[in-house]
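I have placed the structure first, in the form of structure tokens, so that the comments after it can refer back to it.
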Amino acid sequence: MYKNQKRFRLLATTFCCLLSLSALAGGLMTNTNYHIAFDRMMARGASLEIDAIYSNPAGLAWTHEGWELSFNWQVPGQNRDIDTYVPNYLGAGEYHHKYAGKASAPFVPALFASWRKDRLAIGFMAGIVGSGGYVRYDEGIPMLNIPVAEGVAKALSTMQIPNPQTMFKMDSWMKGKQYIYGAQIVGAYRILDNFSVSAGLRASYYDGYYRGRVAAIGNDLIKGAIGTDQLMAMELNCDQRGWGFSPLIGIDFHTGKLTLAAKYEFRTKLNIPNTTNSLSITRMGQTIDVKAMAEKMGNEAAIAALAPQMNGMEQMLAPYLPDAKTRYDMPALLTVAAGYEFLSNLRATVEYHFFDDKNAKMANNRQEKLTHGTHEILAGVEWDINKMFTVSCGGQRTDYGLSDEFQQNTSFACDSYSIGFGGAMNVTEKLRINASFFWTMYSDYTHKQATRTDTYSRTNNVFGMGVDYKF
């Protein structure tokens, strides 16, 4: 049916790509906001409080002596929209449409626990360390819908059907989930009066899925003429789950009013196997159950059997067959920070993050298309109004090193600025309540292609609350 198969290779590859879902702060695969103190100040890399378990592990050597617990919850919301323009769509003139993507993570918790005695401290943290949420496109996405519609219209035209662009409709939707749950334990030791070191280990568990359908459905005239209304369809239902581990190290220099700190998180290798619940292709009313073929014949044999009728597209299905694996590495992360106490009740921090994305493998080696790893610059200030109330604010700039070759409808990013503010209330000497709000302002990314232009836009905001308790 389709003579120009190159245009339809997109159908298999992009349909199955990871829907990157992060609605939190951080890099392409990594979150950095777990404790509400980050949301209301941003720069926490010189922290000497309980959130140092993540942001400055070596700083635990100066935290509260004894036990401390902290529970934090955040409610983020995000839109991920694709505004598409095609100069000549199906030979009928201009096409301009906004594909709205709704991303959500209804409840994002994080738990911290620390213990310190003299120079030794131990900390534990559990939370969503990467991505985190759901996304749905109720009308599908243009990089699938448009090539399929154009191919179907061309095929109907070769069959001498008049006005082929009016003889069918697209019936598409996509949704996905991506959570990376993590738990880490770190130890810190003050080897000198002003200098401490830390080491730890994080375990990360990837839990995701993608479901969807891309279909061109003929009208009654087409069904009467060729005996079916199922002109072209692809359906996918696939789950992915797997583990990864990474060590963490850090240093902290603290003297008087000055704190200098750094940490390094090694790359987390995530090579995630599929659980393919269903995968099928329908053309001109004939359905091929690709999953059943693979289970009966083996993946390689199924791909070979599909080759005569798929003209190369069968290789694009291979990564999504049962038990095939996909790389979703979390990159190595370097952070450095400087904090200074200008007054007894006024503190400020500046910080830098580098995510080594180009050396963290992604599906189809997409990391090679980035121009550089992610750079982040952060700054924040915190003021104690009195013994009970503290307020803070901060900002963050994120530069991903994006390129046209990296961006996809199914997985796109936008450089951004974020601002956060909020406060804390010391209810008692032992109990503190934190509240925050942060908002991210994204730069639209215009992706010009041979036959269309896609403009990617995002919105993001997060409300959070937390409780710290010292024993």
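In this structure, is Phe266 more than 29 Å from Ala203 (Cβ to Cβ) and open to solvent by 10 Å² or more (accessible area, probe 1.4 Å)? First the steps, then the outcome.
Working: more than 29 Å from Ala203 (Cβ to Cβ): no; open to solvent by 10 Å² or more (accessible area, probe 1.4 Å): yes.
It is false that Phe266 is more than 29 Å from Ala203 (Cβ to Cβ) and open to solvent by 10 Å² or more (accessible area, probe 1.4 Å).
Checking the structure you have, find out if any residue of the range 436-444 is part of a strand (DSSP E or B), more than 19 Å from Asn79 (Cα to Cα) and among the small types (Gly, Ala, Ser). If you could, list the steps in order and put the result at the bottom.
Going through the range 436-444, the residues part of a strand (DSSP E or B) turn out to be 436-442.
Retained after the next criterion (residues that are more than 19 Å from Asn79 (Cα to Cα)): 436.
Subsequent filtering for residues that are among the small types (Gly, Ala, Ser) retains 436.
Scanning the range 436-444 turns up at least one residue that is part of a strand (DSSP E or B), more than 19 Å from Asn79 (Cα to Cα) and among the small types (Gly, Ala, Ser).
Please state which of the following conditions His375 fails to meet, knowing it meets all the rest: (1) under 30 Å from Asn359 (Cα atoms); (2) free of Cβ contacts under 8 Å to residues at least 40 places away in the same chain; (3) open to solvent by less than 20 Å² (accessible area, probe 1.4 Å).
Every condition holds for His375 apart from (3).
Condition (residue is closer than 21 Å to Thr32 by Cα and among the hydroxyl-bearing types (Ser, Thr, Tyr)) applied to the range 365-379: is it met by at least one residue?
yes
Working only within the range 76-106, note down all residues that are under 16 Å from the mean Cα position of the chain (by Cα) and open to solvent by 30 Å² or more (accessible area, probe 1.4 Å). Full working, then the answer.
Start the filter on the range 76-106 by keeping residues that are under 16 Å from the mean Cα position of the chain (by Cα), which leaves 76-81, 101-106.
Asn79, Lys102, Ser104, Pro106, listed by residue number.
Name the one entry in Ile191, Ile180 that is among the aliphatic types (A, V, I, L, M), part of a strand (DSSP E or B) and open to solvent by 60 Å² or more (accessible area, probe 1.4 Å).
Details: Ile180 fails: open to solvent by 60 Å² or more (accessible area, probe 1.4 Å).
One residue alone meets the criteria, Ile191.
Condition first: open to solvent by 10 Å² or more (accessible area, probe 1.4 Å) and either free of Cβ contacts under 8 Å to residues at least 12 places away in the same chain or in a strand (DSSP E or B) (or both). Can you find one or more residues in the range 135-148 that meet it?
yes
The values are calculated or read from the model by the stated rules, or taken from the named source; none is laboratory data. Note that this is a predicted model, so its numbers are computed, not measured. We place every Cβ from the backbone using ideal geometry, glycine too, and count neighbours over all the protein chains shown. What goes into the accessible areas is simple: the full protein's heavy atoms, side chains included, and nothing from ligands, DNA or RNA. Shrake-Rupley method; radii C 1.70, N 1.55, O 1.52, S 1.80 Å.
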